[in-house]
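The values are calculated or read from the model by the stated rules, or taken from the named source; none is laboratory data. Everything numeric in this text was worked out from a predicted model, so none of it was measured. Here the Cβ positions follow ideal geometry from the backbone for every residue, glycine too, while neighbour counts run over all protein chains shown. Heavy atoms of the whole protein, side chains included, go into the accessibility calculation; ligands, DNA and RNA do not. Shrake-Rupley method; radii C 1.70, N 1.55, O 1.52, S 1.80 Å.
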Amino acid sequence: MQTLRDVLEQTQKDGVAIGHFNIADLVLLKAVFASAQELKVPVLVGASEGEREFIGVRQIAALVRSLREDFNFPIFLNADHTHSLAKAVEAARSGFDAIVFDASALPFEQNVRQTKEAVEALKSINPAILVEGEIGDIGTGSEIHEEAPDLSNGLTTPEEAKQYVESTGIDILAPAVGNMHGMLKSMVQGETKKRLDIERIAHIKRMARVPLTLHGGSGTDDEDLRQAIAAGINIVHINTELRVAWRRGLEEGLLKQPHEVVPYKILPFVVNSVGQIARSRLRLFNNE
Ligand SMILES: [Zn+2]
(Lines give C-alpha, C1' and ligand atoms only; values in the text may rest on other atoms or scores of the structure.)
Protein backbone atom coordinates (compact mmCIF):
# COMPACT_ATOMS: atom_id res chain seq x y z
CA MET A 1 0.00 0.00 0.00
CA GLN A 2 1.30 3.44 -0.98
CA THR A 3 1.94 6.03 1.70
CA LEU A 4 1.00 9.70 1.42
CA ARG A 5 4.72 10.45 0.98
CA ASP A 6 4.87 8.05 -2.01
CA VAL A 7 1.80 9.70 -3.54
CA LEU A 8 3.28 13.19 -3.11
CA GLU A 9 6.51 12.13 -4.83
CA GLN A 10 4.47 10.69 -7.67
CA THR A 11 2.45 13.92 -8.09
CA GLN A 12 5.73 15.82 -8.42
CA LYS A 13 6.93 13.44 -11.17
CA ASP A 14 3.60 13.49 -13.00
CA GLY A 15 2.94 17.25 -12.72
CA VAL A 16 -0.42 16.71 -10.99
CA ALA A 17 -1.79 17.51 -7.53
CA ILE A 18 -3.63 15.51 -4.91
CA GLY A 19 -7.08 16.90 -4.07
CA HIS A 20 -7.66 17.69 -0.37
CA PHE A 21 -11.33 17.89 0.63
CA ASN A 22 -12.56 18.79 4.08
CA ILE A 23 -15.24 16.61 5.59
CA ALA A 24 -17.48 17.13 8.59
CA ASP A 25 -19.76 14.12 8.24
CA LEU A 26 -20.12 10.71 6.63
CA VAL A 27 -22.05 12.14 3.66
CA LEU A 28 -19.10 14.33 2.62
CA LEU A 29 -16.71 11.41 3.12
CA LYS A 30 -18.90 9.11 0.99
CA ALA A 31 -19.08 11.69 -1.81
CA VAL A 32 -15.34 12.40 -1.83
CA PHE A 33 -14.36 8.73 -1.66
CA ALA A 34 -16.79 7.71 -4.43
CA SER A 35 -15.42 10.50 -6.67
CA ALA A 36 -11.79 9.43 -6.16
CA GLN A 37 -12.72 5.76 -6.72
CA GLU A 38 -14.55 6.62 -9.93
CA LEU A 39 -11.56 8.55 -11.29
CA LYS A 40 -9.00 6.11 -9.79
CA VAL A 41 -6.90 8.90 -8.26
CA PRO A 42 -5.48 9.18 -4.74
CA VAL A 43 -7.28 11.56 -2.41
CA LEU A 44 -6.62 13.36 0.87
CA VAL A 45 -9.46 14.12 3.24
CA GLY A 46 -9.00 16.83 5.82
CA ALA A 47 -10.65 17.65 9.10
CA SER A 48 -10.00 20.94 10.87
CA GLU A 49 -10.15 21.19 14.67
CA GLY A 50 -13.89 22.05 14.48
CA GLU A 51 -14.65 19.28 11.98
CA ARG A 52 -12.70 16.78 14.11
CA GLU A 53 -14.61 17.80 17.21
CA PHE A 54 -17.90 17.14 15.42
CA ILE A 55 -17.06 13.68 14.02
CA GLY A 56 -14.63 12.57 16.73
CA VAL A 57 -10.86 12.45 16.22
CA ARG A 58 -10.43 8.69 16.62
CA GLN A 59 -13.71 8.02 14.80
CA ILE A 60 -12.72 9.91 11.62
CA ALA A 61 -9.34 8.13 11.69
CA ALA A 62 -11.11 4.74 11.96
CA LEU A 63 -13.47 5.59 9.07
CA VAL A 64 -10.70 6.61 6.69
CA ARG A 65 -8.50 3.67 7.69
CA SER A 66 -11.34 1.23 7.04
CA LEU A 67 -11.96 2.67 3.55
CA ARG A 68 -8.24 2.46 2.77
CA GLU A 69 -7.93 -1.13 3.96
CA ASP A 70 -11.25 -2.58 2.83
CA PHE A 71 -10.98 -1.11 -0.67
CA ASN A 72 -7.17 -1.18 -0.90
CA PHE A 73 -7.42 2.46 -2.01
CA PRO A 74 -5.02 5.42 -1.52
CA ILE A 75 -7.21 7.65 0.68
CA PHE A 76 -5.34 9.58 3.39
CA LEU A 77 -6.27 11.75 6.36
CA ASN A 78 -4.97 15.20 7.27
CA ALA A 79 -5.48 17.14 10.52
CA ASP A 80 -6.13 20.53 8.92
CA HIS A 81 -5.21 23.83 10.66
CA THR A 82 -4.16 22.59 14.07
CA HIS A 83 -3.30 25.49 16.33
CA SER A 84 -2.10 23.75 19.49
CA LEU A 85 0.49 21.06 20.08
CA ALA A 86 -1.98 19.11 22.26
CA LYS A 87 -4.50 18.80 19.38
CA ALA A 88 -1.71 17.87 16.96
CA VAL A 89 -0.47 15.14 19.31
CA GLU A 90 -4.02 13.81 19.67
CA ALA A 91 -4.35 13.52 15.87
CA ALA A 92 -0.93 11.87 15.51
CA ARG A 93 -1.79 9.31 18.19
CA SER A 94 -5.11 8.61 16.43
CA GLY A 95 -3.31 7.62 13.22
CA PHE A 96 -3.63 10.69 10.95
CA ASP A 97 -1.25 10.61 7.96
CA ALA A 98 -0.49 14.33 8.01
CA ILE A 99 -0.90 17.36 10.23
CA VAL A 100 -1.07 21.05 9.33
CA PHE A 101 0.52 22.75 12.31
CA ASP A 102 -0.67 26.33 11.91
CA ALA A 103 1.20 28.97 13.88
CA SER A 104 1.03 31.41 10.96
CA ALA A 105 -0.74 34.09 13.02
CA LEU A 106 2.40 34.45 15.17
CA PRO A 107 5.45 36.56 14.29
CA PHE A 108 7.92 34.65 12.06
CA GLU A 109 10.45 33.74 14.80
CA GLN A 110 7.75 32.37 17.10
CA ASN A 111 6.13 30.49 14.23
CA VAL A 112 9.52 28.87 13.49
CA ARG A 113 10.12 27.95 17.14
CA GLN A 114 6.66 26.44 17.73
CA THR A 115 6.58 24.59 14.40
CA LYS A 116 10.03 23.07 14.98
CA GLU A 117 8.90 21.87 18.40
CA ALA A 118 5.72 20.37 16.86
CA VAL A 119 7.70 18.57 14.11
CA GLU A 120 9.95 16.95 16.73
CA ALA A 121 7.06 15.93 18.99
CA LEU A 122 4.91 14.52 16.15
CA LYS A 123 7.76 12.57 14.51
CA SER A 124 8.55 10.98 17.87
CA ILE A 125 4.97 9.62 17.91
CA ASN A 126 5.00 8.52 14.26
CA PRO A 127 8.23 8.97 12.27
CA ALA A 128 6.29 8.56 8.99
CA ILE A 129 3.80 11.35 9.70
CA LEU A 130 4.00 14.39 7.40
CA VAL A 131 3.97 17.80 9.04
CA GLU A 132 2.92 20.88 7.10
CA GLY A 133 3.79 24.41 8.23
CA GLU A 134 2.36 27.71 7.09
CA ILE A 135 3.75 31.21 6.64
CA GLY A 136 1.97 34.29 5.41
CA ASP A 137 -1.66 35.35 5.62
CA ILE A 138 -4.42 33.47 3.77
CA GLY A 139 -7.30 34.63 5.95
CA THR A 140 -9.51 32.45 8.11
CA GLY A 141 -12.85 30.66 7.81
CA SER A 142 -13.98 28.44 4.92
CA GLU A 143 -17.25 30.35 4.72
CA ILE A 144 -18.97 32.93 2.56
CA HIS A 145 -17.38 36.32 3.25
CA GLU A 146 -19.10 39.66 2.67
CA GLU A 147 -15.89 41.51 1.92
CA ALA A 148 -12.46 40.56 0.61
CA PRO A 149 -9.79 40.76 3.32
CA ASP A 150 -6.60 42.64 2.35
CA LEU A 151 -3.97 39.90 2.30
CA SER A 152 -1.49 41.72 0.06
CA ASN A 153 1.00 42.34 2.89
CA GLY A 154 0.91 38.70 3.95
CA LEU A 155 2.28 37.09 0.78
CA THR A 156 5.07 34.55 1.38
CA THR A 157 8.53 35.50 0.08
CA PRO A 158 10.82 32.82 -1.40
CA GLU A 159 13.65 33.71 1.04
CA GLU A 160 11.34 33.38 4.05
CA ALA A 161 10.04 30.05 2.68
CA LYS A 162 13.55 28.64 2.40
CA GLN A 163 14.52 29.79 5.89
CA TYR A 164 11.26 28.45 7.38
CA VAL A 165 11.59 24.99 5.79
CA GLU A 166 15.25 24.66 6.75
CA SER A 167 14.85 25.78 10.34
CA THR A 168 11.65 23.85 11.17
CA GLY A 169 12.16 20.52 9.36
CA ILE A 170 8.59 20.52 7.97
CA ASP A 171 7.75 18.10 5.15
CA ILE A 172 5.24 20.31 3.33
CA LEU A 173 4.88 24.10 3.08
CA ALA A 174 1.64 26.09 2.77
CA PRO A 175 2.51 29.49 1.27
CA ALA A 176 0.36 32.58 0.75
CA VAL A 177 0.39 33.17 -3.02
CA GLY A 178 -2.88 34.99 -3.72
CA ASN A 179 -5.02 32.22 -2.22
CA MET A 180 -7.56 32.88 0.52
CA HIS A 181 -9.78 30.82 2.81
CA GLY A 182 -13.51 30.99 2.12
CA MET A 183 -15.28 32.55 -0.83
CA LEU A 184 -16.83 35.94 -1.57
CA LYS A 185 -20.51 36.01 -2.53
CA SER A 186 -19.54 36.98 -6.08
CA MET A 187 -17.36 33.83 -6.25
CA VAL A 188 -20.21 31.59 -5.12
CA GLN A 189 -22.30 33.13 -7.91
CA GLY A 190 -19.43 32.46 -10.35
CA GLU A 191 -18.97 36.17 -11.17
CA THR A 192 -15.43 36.53 -9.85
CA LYS A 193 -12.48 34.16 -9.35
CA LYS A 194 -9.43 34.08 -7.11
CA ARG A 195 -6.19 34.67 -9.01
CA LEU A 196 -2.81 33.22 -8.03
CA ASP A 197 0.75 34.57 -8.20
CA ILE A 198 2.25 31.82 -10.38
CA GLU A 199 5.74 33.38 -10.54
CA ARG A 200 5.86 33.50 -6.75
CA ILE A 201 4.86 29.82 -6.51
CA ALA A 202 7.63 28.80 -8.93
CA HIS A 203 10.21 30.89 -7.06
CA ILE A 204 9.11 29.53 -3.65
CA LYS A 205 9.33 25.99 -5.03
CA ARG A 206 12.90 26.52 -6.27
CA MET A 207 13.98 27.92 -2.91
CA ALA A 208 12.01 25.73 -0.48
CA ARG A 209 12.40 22.40 -2.35
CA VAL A 210 9.51 20.65 -0.55
CA PRO A 211 5.95 19.73 -1.58
CA LEU A 212 3.65 22.77 -1.53
CA THR A 213 -0.01 22.97 -0.51
CA LEU A 214 -2.46 25.53 -1.85
CA HIS A 215 -5.03 26.30 0.84
CA GLY A 216 -8.30 28.05 0.09
CA GLY A 217 -8.59 26.66 -3.43
CA SER A 218 -12.38 27.15 -3.66
CA GLY A 219 -13.41 29.74 -6.24
CA THR A 220 -9.99 29.86 -7.93
CA ASP A 221 -9.67 30.38 -11.67
CA ASP A 222 -9.22 26.96 -13.36
CA GLU A 223 -6.33 28.06 -15.55
CA ASP A 224 -4.53 29.54 -12.52
CA LEU A 225 -4.93 26.21 -10.73
CA ARG A 226 -3.41 24.35 -13.71
CA GLN A 227 -0.49 26.76 -13.84
CA ALA A 228 -0.01 26.64 -10.05
CA ILE A 229 0.24 22.84 -10.19
CA ALA A 230 2.72 23.07 -13.08
CA ALA A 231 4.73 25.57 -10.99
CA GLY A 232 5.01 23.21 -8.03
CA ILE A 233 1.78 22.95 -6.02
CA ASN A 234 1.30 19.30 -4.93
CA ILE A 235 -1.87 19.49 -2.79
CA VAL A 236 -4.94 21.69 -3.39
CA HIS A 237 -7.47 22.28 -0.60
CA ILE A 238 -11.17 22.57 -1.44
CA ASN A 239 -13.59 23.17 1.41
CA THR A 240 -16.05 26.04 0.86
CA GLU A 241 -17.16 24.77 -2.57
CA LEU A 242 -18.07 21.43 -0.94
CA ARG A 243 -19.92 23.18 1.89
CA VAL A 244 -21.97 25.20 -0.61
CA ALA A 245 -22.74 21.97 -2.54
CA TRP A 246 -23.63 20.16 0.71
CA ARG A 247 -26.22 22.79 1.56
CA ARG A 248 -27.64 22.96 -1.97
CA GLY A 249 -27.95 19.16 -2.09
CA LEU A 250 -29.73 19.07 1.23
CA GLU A 251 -32.14 21.82 0.20
CA GLU A 252 -32.88 19.99 -3.05
CA GLY A 253 -33.47 16.68 -1.24
CA LEU A 254 -35.92 18.33 1.15
CA LEU A 255 -37.66 20.44 -1.48
CA LYS A 256 -38.23 17.54 -3.87
CA GLN A 257 -39.56 15.26 -1.12
CA PRO A 258 -41.41 17.58 1.27
CA HIS A 259 -42.84 14.70 3.30
CA GLU A 260 -39.81 12.41 3.37
CA VAL A 261 -38.20 11.64 6.73
CA VAL A 262 -35.92 8.74 5.77
CA PRO A 263 -32.34 10.10 5.92
CA TYR A 264 -30.96 7.66 3.35
CA LYS A 265 -33.55 8.89 0.84
CA ILE A 266 -32.77 12.57 1.44
CA LEU A 267 -28.99 12.45 1.81
CA PRO A 268 -28.16 10.91 -1.62
CA PHE A 269 -28.98 14.37 -3.03
CA VAL A 270 -26.13 15.72 -0.92
CA VAL A 271 -23.76 12.92 -2.00
CA ASN A 272 -24.60 13.71 -5.61
CA SER A 273 -24.21 17.48 -5.28
CA VAL A 274 -20.90 17.25 -3.36
CA GLY A 275 -19.66 14.48 -5.69
CA GLN A 276 -20.11 16.69 -8.76
CA ILE A 277 -17.75 19.30 -7.31
CA ALA A 278 -15.23 16.74 -6.03
CA ARG A 279 -15.09 14.96 -9.41
CA SER A 280 -14.66 18.14 -11.42
CA ARG A 281 -11.88 19.38 -9.11
CA LEU A 282 -10.10 15.99 -9.10
CA ARG A 283 -10.20 15.91 -12.91
CA LEU A 284 -8.61 19.34 -13.09
CA PHE A 285 -5.91 18.56 -10.46
CA ASN A 286 -5.03 15.32 -12.30
CA ASN A 287 -4.92 16.92 -15.77
CA GLU A 288 -7.83 14.82 -17.01
ZN1 LIG B 1 -6.54 25.94 4.96
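Can you confirm whether Gly133 is outside any helix (DSSP H, G or I) and buried (at least 22 other Cβ atoms within 10 Å of the Cβ)? Here the answer is yes, as Gly133 does meet what is asked.
Among the residues of segment 88-130, the ones that are within 16 Å of the ligand (Cβ to nearest atom), outside any helix (DSSP H, G or I) and either among the small types (Gly, Ala, Ser) or at pLDDT below 95 (or both) come to 4 in all. Restricted to segment 195-288, the set of helices (runs of 4 or more DSSP H) holding at least 1 residues that are touching a residue at least 40 places away in the same chain (Cβ under 8 Å) and within 16 Å of the ligand (Cβ to nearest atom) comprises 222-230, 240-256, 268-285. Can you confirm whether Glu147 is in contact with a helix residue (DSSP H, G or I) (Cβ under 8 Å, 6 or more places away or on another chain) and either open to solvent by 20 Å² or more (accessible area, probe 1.4 Å) or of a type in the set (Val, Ile, Thr) (or both)? No: the conditions fail for Glu147. Scanning segment 152-183 for residues that are open to solvent by 30 Å² or more (accessible area, probe 1.4 Å) and either at negative phi or among the hydrophobic types (A, V, I, L, M, F, W, C) (or both) yields Ser152, Asn153, Leu155, Thr157, Glu159, Glu160, Lys162, Gln163, Glu166, Ser167.
Here Ser142 meets the list (1) over 18 Å from Lys87 (Cα atoms); (2) surrounded by fewer than 20 Cβ atoms within 10 Å (Cβ to Cβ) almost entirely, failing just condition (2). Applying the criterion of being of a type in the set (Ser, Thr, Tyr) and at pLDDT 90 or above to the residues of segment 135-180, the residue that is nearest to the ligand (Cβ to nearest atom) is Thr156.
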